[in-house]
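The values are calculated or read from the model by the stated rules, or taken from the named source; none is laboratory data. Everything numeric here is computed off the predicted structure, so don't read it as measured data. Every residue, glycine as well, gets a Cβ built from its backbone with ideal geometry; the counts of neighbours run over all protein chains shown.
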Amino acid sequence: MGIETLELWHAYAINREKIDQEKIRNLIRESWERSRSLKVDPLFNGVSMVHKNELNRRIQNRKDMLEAAMPHLHKLYRIIRNSRTTITITDEDGVVLDSFYNDELKKMKNFPIPGSIHSEENCGTNGVGTALVTGKPVQIIGAEHWLKDNHNWFCNTVPIRQYNRIIGVLNLSCPINIGHEHSLGMVSSTAYAIEREMEMKKVLKERKNLVLQQRTILDLLDTGIIVINKEGLIIQNNEKAQQILSNRGDWTGLKLSEIMDCNHDFNDTFAKRQEFENYEIPVKIKGRHTYIGFSSAFIENGDSTDGMVLRLREPASIRHFAAIAGGSNAIYSFSDIIGESREVSDVLKLAELAARNTTNVLITGESGTGKELIAQSIHNSSERKHKPFVAINCGALSRELIQSELFGYEGGAFTGAKKNGNPGKFELADGGTLFLDEIGEMPLDAQTNLLRVLQTGNVLRIGARHPNRVDVRIIAATNKNLDDEIKLKNFRNDLYYRLNVLQIVLPPLRERKSDILLLATHFLKRFSKESGKYIDGFSSGAIDVINSYTWPGNIRELENTIERAVIICENELIETSALPPKIISNLPDTAHAGTVPAEMGFGNSRSNGINEVELDYIKNLLSKHRGNLRSAAAEMGVARSTLYNKLRKYKISVEDYR
């Protein structure tokens, strides 16, 4: 190819003769035509350069590309540094911005040094210029170059794009005698990596800017700022900081100890460069002890620290965000309560009355009746709806743990305590509502401390010397009879009177017969949507079962039952067969036979009595489990002794099924 190409070049470029186009690549032929049209002298000796200042401007203009490229260029150069090869990166005009090379190559003509211009307008056909014109990876070999001085070069060049626009090229060049056709693939991979690096940096920068914008907005809205210099003097603050510390006036030139009363040594914080976020520090403001959340950041100037920025948040603000982040917020309202019965109507009237007042509320009822739903609805309809709703299950915590959970603790108050201490549920609920679920399970010593908070409105953290005032509305709930617990000396009567200002008694589901199917339909729609199934409703048999069952687990049991039925259901209607056997086996004797799944051989007529239904049901189970009583009883959800009694009742011989 070399000699023939050289002859073609000489004929076309020097003698300006016509040549056989089939003997030269289209890419080269078209570039030669452009070079002749541009009147580029093929015998031009040397290369054009831009001024040093212009080069610096171009480097700055393509700073992002160069920063993204450097790690990849160094990696590529480590591979080829022992060969006589140069790597160059140019801008969109073909001006070399940087290069990596073996010193031996500097002796070659037209060596691509930074500032040299390699566009087709200047050099005719060449790797850099032709790649810029075509927008494609190119390989220009020897005499394919327009300039005679470039005939000893083997060039592999790939465009670099950003936002679908060429912003430069990557070029790998070497003497023609050591060039390899596969080198272009290596250059293409590196160029692609540079493009991805730029894209990643762009995304990271955008995200960083977004975070900074959001943080700035939040700071402007609810954050106090104090800036101190390295001498510990205030040089700047905002109005929010003065508002939080209740100290107006000019703070410039003052020390922190002159504007607030606290024992924390901020000079030590600065000296040790202690960074903290929302670190609660006890502060005395106008004779009242409280906690202010401080965050620190340092002003760096090279190797020295010139100052410190303190961000201040009011404790209520910190705890409100902490409560929401921890899931302590009310999501239900009265519109979420399903029911049209008189019993539900009476409950709602009382609950809505509670929402219009600030008095303590005691909600009683069996497990699964929706006590927290009512509590959240009261909160969300009250004047505290924009404040925290914090719930704690008094029965789920040990005697030792419930005190620290409710009232909080100071740092180092006990073994395992957090260094900075921890606010309790009362402080987290400040300004809002504290829901004490299963209050009947609370230990007596915790009841004593709870009573003190209700009487005084002050919370004393474990290990603290000064109490913290809180404004909290209490809603308590229990499934126990607290009058009986008082007689058993398990519950304080004075605490009971404090809580039981307004009592709401939730009826069990069995006393809300008219609401059962309404609730079941509500759950069916919800779970059908979640599962992606189309289920239109319940069969008449399933409706009979649902309405006849006593639902000892109340709404929670009904909800779980419908969820199970939706999972099992393969038709457009929930059949009785989709309901748990335990429910069917525990139906009252007044239930209809049609409530039992016909497909299991439970009878064909709704006029059959429950005994006939149960008989067929047991026979089917025995047949299914081949007379294994343990398995049959387990599927029925009853004890084996109960199944034995039923076998005697119906005079069924187990041996007939083994």
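Against the list (1) at pLDDT below 95; (2) in contact with a Ser or Thr (Cβ under 7 Å, 6 or more places away or on another chain), the condition residue 478 fails is (1). Taking region 330-370 as the range and being surrounded by 19 or more Cβ atoms within 10 Å (Cβ to Cβ) and under 30 Å from the mean Cα position of the chain (by Cα) as the test, the residues that pass are 330, 370. From the list 86, 5, the lone residue that is within 60 Å of the chain's Cα centre (by Cα) and under 17 Å from residue 154 (Cα atoms) is 86.
Got a sec? Which of 100, 44 is of a type in the set (Phe, Trp, Tyr) and farther than 20 Å from residue 184 by Cβ?
Checking each option against the conditions leaves just 44.
Residue by residue through region 518-536, note down the ones that are in contact with a Phe, Trp or Tyr (Cβ under 8 Å, 6 or more places away or on another chain) and among the hydrophobic types (A, V, I, L, M, F, W, C). Within region 518-536, 520, 524 qualify.
With a cut-off of at least 1 residues that are among the acidic types (Asp, Glu), under 23 Å from residue 162 (Cα atoms) and in contact (Cβ under 8 Å) with a residue 12 or more places away in the chain, name the strands (runs of 3 or more DSSP E) lying wholly within region 26-142. Can you show your working first?
Details: elements: 86-91, 96-101, 138-141.
Correct list: 86-91, 96-101.
Does residue 511 satisfy the criteria of being of a type in the set (D, E, K, R) and out of contact with any Ser or Thr (no Cβ under 9 Å at 6 or more places or on another chain)? No.
Looking only at region 377-402, filter to residues that are small (Gly, Ala, Ser) and closer than 19 Å to residue 422 by Cβ; which one of those is surrounded by the most Cβ atoms within 10 Å (Cβ to Cβ)? Here the residue is 391.
For region 309-356, which positions are at pLDDT 70 or above and closer than 28 Å to residue 289 by Cα?
309, 310, 311, 312, 313, 314, 329
Does residue 111 satisfy the condition of being in contact with a strand residue (DSSP E or B) (Cβ under 7 Å, 6 or more places away or on another chain) and in the same structural domain as residue 190 (by TED's automatic domain parsing)? The answer is no for residue 111. Just name the residue that is modelled with the highest pLDDT out of those in region 566-582 that are surrounded by 14 or more Cβ atoms within 10 Å (Cβ to Cβ) and among the polar types (S, T, N, Q). So, considering only residues that are surrounded by 14 or more Cβ atoms within 10 Å (Cβ to Cβ) and among the polar types (S, T, N, Q), the one modelled with the highest pLDDT is 576.
Just one residue in the set 286, 240, 255 is loosely packed, with under 13 Cβ neighbours inside 10 Å and not aromatic (Phe, Trp, Tyr); that residue is 286. Read through the list (1) surrounded by fewer than 16 Cβ atoms within 10 Å (Cβ to Cβ); (2) in contact (Cβ under 8 Å) with a residue 40 or more places away in the chain, then give the number of the only condition that residue 173 fails. Answer for residue 173: the failing condition is (1).
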